[in-house]
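So the structure is just underneath, and the comments pick up after that.
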Amino acid sequence: MGFGSLINTLSLVGGLAFLGGIALAVLSSSQGRPPRNGILLAVIGLVIFGLFAIVGQGILVVQPQEVAVVFNSLTGNVEDEPRGAGTSIVIPGVQEYTLYRIDQQEYTMSGTTNEGARAGDDVVRARTRDGQEVGLDVTIIFAVEPTDADQVHVRWRDRYVEDFVRPTARSFVRDVISGYTAEEIYGSGRTEMEQQIQDLLLARMAEEGLKLNDLLVRDITFSDQFSQSIENAQIAQQEAARARLVVQQREQEAAQARAVAAGERDAAITRAEGEAQAIILRAQAEAEALRLVSEQIAANPALIQYQYIQTLADNISLALIPSNSPFLFDFESIAANPDFVAPEVPDVVTPEGGS
């Protein structure tokens, strides 16, 4: 039990003793007995109650999540430093104190019923640079700066949320939104827009003794016309992407076809060049062979006759050649050759009864 609670408990006991003493005095008088004991108890209870009630008013108990701003009614000033957590003394009737929360507070403005600080549609409505109306659900997370609670007390007292935080936040949201187009807010500009609102509100709240911990733009709603235009644009982008994909596929197919045709063309050229080279080589080989043959015939005219004989079939034993043949055998040169020996011709056997 804290010291303040103990004082309050003793004051309560004194009040009960006072009431009990009065009841006892009345009862004693009704029974014809002296009411002295009841009166004594009532006096003691009244003294205890009054004493501890006064003492209780002079005891200031501050919880860890609070600070106390003390106002002096004689000087008309507040103490320079708010009183932190703990127990301290104030002068009843001269010093008055007001407790302020220093823990984190949340204030939400939303278009959803029963979701924000105010019932009903409390969305922040603003117009973009291109004239589109947008609605923003905004949550502000903040706290009273402990060392500046006296400043909050002097300027706003307990009205700082409704009279300062709420209207200031709504004003900054509208001002910042007016610098963006709806398309920018819908796309990549949302993060920048949210940061800009937070920076402005952070600086302004610090001037009033408040600390902004975070600002959340929880939802942004656009007009039905703009939403439909965004949907149509997305559909058009998807169709354009599909068309580009088809074009790319066709270009790839055409490139592959060109590559195949180029390969076939190169192969045909290579084959033709190879065949032409082969023909040239064969012609050169045949020409060289003919040249060599011509040289050999010129050196040895009988070579043709020898080659002719060599090419005869193995089973030919006799060949009759006209003596006047100008091409195959030169019988005159053979006859004039003293070393020439005519081969023996075997006898021809005739069948029986032949002549």
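FYI, it's all coordinate maths here, none of it is from the lab. In this text the structure is predicted, and so the values were computed from the model without any measurement. Don't worry about glycine lacking a Cβ; one is built from the backbone with ideal geometry, like all the others, and counts go over all protein chains shown.
Near Tyr180, the amide H atoms lying under 5 Å from its own belong to Arg129; only residues 5 or more places off or on other chains count, and H is placed 1.01 Å from N.
A straight chain from Arg218 to Asp121 at 0.36 nm per residue would run longer than the Cα-Cα distance by 33.4 nm.
Here the gap between Thr113 and Lys211, fully extended at 0.36 nm per residue and compared with their Cα-Cα distance, gives a gain of 32.5 nm. Among the trypsin sites (Lys or Arg not before Pro) in region 85-151, those placed in a DSSP loop whose Cβ has at most 16 other Cβ atoms within 10 Å are Arg118, Arg129. Remark: region 36-44, residue by residue, has Karplus-estimated 3J(HN,Hα) of 4, 5, x, 5, 4, 5, 5, 5, 4 Hz, where x stands for each Gly or Pro and the curve is 6.51 cos²θ - 1.76 cosθ + 1.60 at θ = phi - 60°. Remark on region 3-101: ratio of C-alpha radius of gyration to 2.2 N^0.38 Å is 1.50.
For Arg218, the residues whose modelled amide H falls within less than 5 Å of its own, excluding neighbours fewer than 5 places apart on the same chain, are Asp137, Val138, Thr139. A simple spin-label model places pseudo-atoms 7 Å from Cα toward Cβ; at Arg155 and Ser188 they are separated by 3.8 nm.
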